[in-house]
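This report refers to the structure that appears directly beneath it.
The values are calculated or read from the model by the stated rules, or taken from the named source; none is laboratory data. Just so you know, these numbers come straight off a predicted model, no measurement behind them. We place every Cβ from the backbone using ideal geometry, glycine too, and count neighbours over all the protein chains shown. We work out accessible area using only protein heavy atoms, side chains counted, and drop any ligands, DNA or RNA first. Shrake-Rupley method; radii C 1.70, N 1.55, O 1.52, S 1.80 Å.
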Amino acid sequence: MNKGIFIAFEGIDGSGKSTQVKLLTNKLKENGYKVYSTFEPTDSPIGSIIRNVFNHRIIADNRTIAGLFVADRLDHLLNETNGILKKIEEGYIVITDRYYFSSYAYHGVHMPMDWVINSNSMSSDLLKPTINIYVDICPDESMSRITKDRSLIELYENKEYLKEVREKYFEAFEKLKEQENISIIDGNRKPEIILDEIWSQVKSLLG
Ligand code: ADP
Ligand code: TYD
């Protein structure tokens, strides 16, 4: 049985996080583990406001967006129906596609990163990931993957911004390296090869 394992995937848009969340979820299930996979922005009412900002239906200031993510994350953790803390309590391995490092990186571009870290301190006190897995690709590759797939380009999906976000991720990892378990994975390889590397790290957490 797992001892409350919580895995957070991080990366810029189009880095392949969702693909790896699916592959890892399947791998864990094949190996007999109970797995709950989830994502941010969530599908709660707060998450749906955020999605409406990203698809340009609602206009909001970047500071407002950062605040919405603080609330969405607390609901993600604390929701009594399907909150992460409840799922962990029930013995699930929980995998999330994005968690607070996304806020540090994406909002750290617009405002002091320490503000973003402090405003998320309730979440980081409640639950730190057992491991933060950062899938690293360059913004050029990310944009070519995003534009290949979709006609609607979301709010933060442009190369210059994603370049800054990637830099902010590395700044946040450096800042928090004593408090957090961070693994940086080269995302420029085939999905199955990336999964192999992730799987060997996750296996060692499972004991
Ligand atoms: P994210 O969740 O980080 O936005 P996705 O997993 O949705 O990324 O992947 C974005 C796009 O890139 C999708 O079309 C997906 O099929 C493709 N993709 C995912 N992983 C890889 C990979 N390792 N190499 C090439 N393309 C990939
Ligand atoms: P997501 O649906 O994960 O996009 P993708 O699959 O393309 O990576 O996330 C939507 C957007 O939300 C993405 O541009 C990153 C942004 N975001 C923030 O700005 N702050 C946050 O705290 C989180 C979790 C996401």
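Contact order, relative form, for the stretch 27-133: 30 percent (alpha carbon pairs under 8 Å, 6 or more residues apart, mean separation divided by residue count).
Each Lys or Arg adds one and each Asp or Glu subtracts one; over the other residues with Cβ under 15 Å from the Cβ of Asn120, this totals -1. Using only Cα coordinates, the Kirkwood hydrodynamic radius of the stretch 51-120 works out to 13.3 Å.
Over the stretch 66-207, what is the relative contact order in whole percent, taking alpha-carbon pairs under 8 Å and six or more residues apart?
Values: 111 pairs, mean separation 35.4, N = 142.
That works out to 25 percent.
What is the sum of charges around Asn79, taking Lys and Arg as +1, Asp and Glu as -1, for the other residues whose C-beta is under 15 Å from the C-beta of Asn79? Once positives and negatives cancel, what remains is -4.
Centroid-to-centroid, using Cα positions, the stretch 160-207 and the stretch 90-151 are 11 Å apart.
Relative contact order of the stretch 14-81: 25 percent, from C-alpha pairs under 8 Å at least 6 residues apart in sequence. For the chain, the solvent-accessible area works out to 49 Å² per residue, with a probe of 1.4 Å and every protein chain left in place.
Over 32 Å between C-alpha atoms is what I'm after, so list which of Lys128/Lys159; Lys148/Lys175; Lys22/Lys177; Lys87/Lys168 land there.
Correct reply: Lys148/Lys175.
Given a 1.4 Å probe and every protein chain left where it sits, what share in percent of the accessible area of the chain is carbon and sulfur?
Working: 5180 of 10090 Å².
Reported share for carbon and sulfur atoms: 51 percent.
Dimensions of the stretch 23-178 from C-alpha coordinates, computed as largest minus smallest value along each principal axis and given longest first, are 42, 36, 34 Å. Electrostatic bookkeeping for Thr147 treats Lys and Arg as +1 and Asp and Glu as -1; over the other residues with beta carbon under 13 Å from its beta carbon, the sum is -2.
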